[in-house]
Structures are given as C-alpha cells and as structure tokens.
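Shown next, in structure tokens, is the structure this report addresses.
The values are calculated or read from the model by the stated rules, or taken from the named source; none is laboratory data. Computed from a predicted structure; not experimentally measured. Note: ideal-geometry Cβ built from the backbone for every residue, glycine included; neighbour counts use all protein chains shown. Side chains are part of the model used for accessible areas, which takes the heavy atoms of the whole protein and leaves out ligands, DNA and RNA. Shrake-Rupley method; radii C 1.70, N 1.55, O 1.52, S 1.80 Å.
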Amino acid sequence: QVQLVESGGGFVQPGGSLRLACAASGNIFRVFGMGWFRQAPGKQRELVATISSGGITTYAPSVKGRFTISRDNAKNTVYLQMNSLKPGDTAVYYCNTVPINGDYWGQGTQVTVSS
C-alpha cells in the first residue's frame with residue numbers, strides 16, 4: 001500500500017523560506033516521477049513542480065526561480081525548497097506521483113505566508 005506523507009509547512013512572513021518534504025512508502029518512488037501540488041482556499045488544486053525519476057524538473061511559471069524540487073531516492077523522499085515566499089503562495093501543499101494517482105493524496109501540509 002502506497003502512502004505519501006507531507007511535512008514542513010508553517011507560517012512565514014513574505015520573503016521567507018520553507019522546505020517541504022514528502023515521504024513515500026511502497027515501491028513507487030524509483031519508478032515514477034513525483035510532483036508537488038497546492039490548493040488555496042476557494043481555488044482548484046494546481047501543479048507547482050515535478051521531477052522525473054531521472055531528475056528532470058519542471059515548474060509552474062508562478063514559482064519558477066523561487067522554488068526548487070529535488071528527490072532523494074535512498075530516502076524515498078521528495079523535497080520542495082520554497083524561497084521568496086509571497087502571500088499568493090498560501091495554500092495546502094500536496095505531493096503525488098506523476099501521472100497523478102487519485103488514491104495517493106495525503107493530508108497535505110499548510111503553508112501560510114502573511115505579515
């Protein structure tokens with residue numbers, strides 16, 4: 001059974017940084033690409049960043065240059081380093097495989113950016 005557990009969220013002032021982590025159980029990590037997604041209140045869930053099994057990364061235009069996705073295959077963990085955070089980054093952040101598997105959504109981790 002696959003489980004994805006997100007952590008690292010919190011409250012930060014504009015311009016601050018956070019590092020999110022997504023720990024994966026099961027035998028999926030080395031096979032699939034992984035992605036970070038976010039959902040702000042009243043909005044649809046959106047893709048933030050992806051990383052392939054080979055380490056190729058993509059980013060949403062709104063976060064490019066500020067966020068960095070990475071993975072540690074030995075630890076079955078994918079990270080999202082978020083710098084220069086803005087109030088518009090406030091959301092619940094989730095990880096999932098790429099392509100998405102609807103059965104893998106976890107609880108997410110809340111990121112709040114406010115002064």
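List of remarks:
- Against the numbered list (1) open to solvent by 80 Å² or more (accessible area, probe 1.4 Å); (2) in contact (Cβ under 8 Å) with a residue 24 or more places away in the chain, Ser7 comes up short only at (1).
- Yes/no for Gly42 being of a type outside the set (D, E, K, R), at positive phi and touching a Phe, Trp or Tyr at 6+ places or on another chain (Cβ under 6 Å): no
- The set of residues from the range 58-110 being touching a Leu at 6+ places or on another chain (Cβ under 8 Å) and farther than 18 Å from Met34 by Cβ comprises Arg66, Leu85.
- The range 10-28, subset open to solvent by less than 30 Å² (accessible area, probe 1.4 Å) and not in a strand (DSSP E or B), residue farthest from Asn73 (Cα to Cα): Gly16
- Among residues of the range 52-81 that are touching a residue at least 24 places away in the same chain (Cβ under 8 Å), those with a Cβ under 6 angstrom from a residue that is polar (S, T, N, Q) and open to solvent by less than 60 Å² (accessible area, probe 1.4 Å), sequence gap 6+ or separate chain, pair up as Ile69/Thr57; Tyr79/Ser70.
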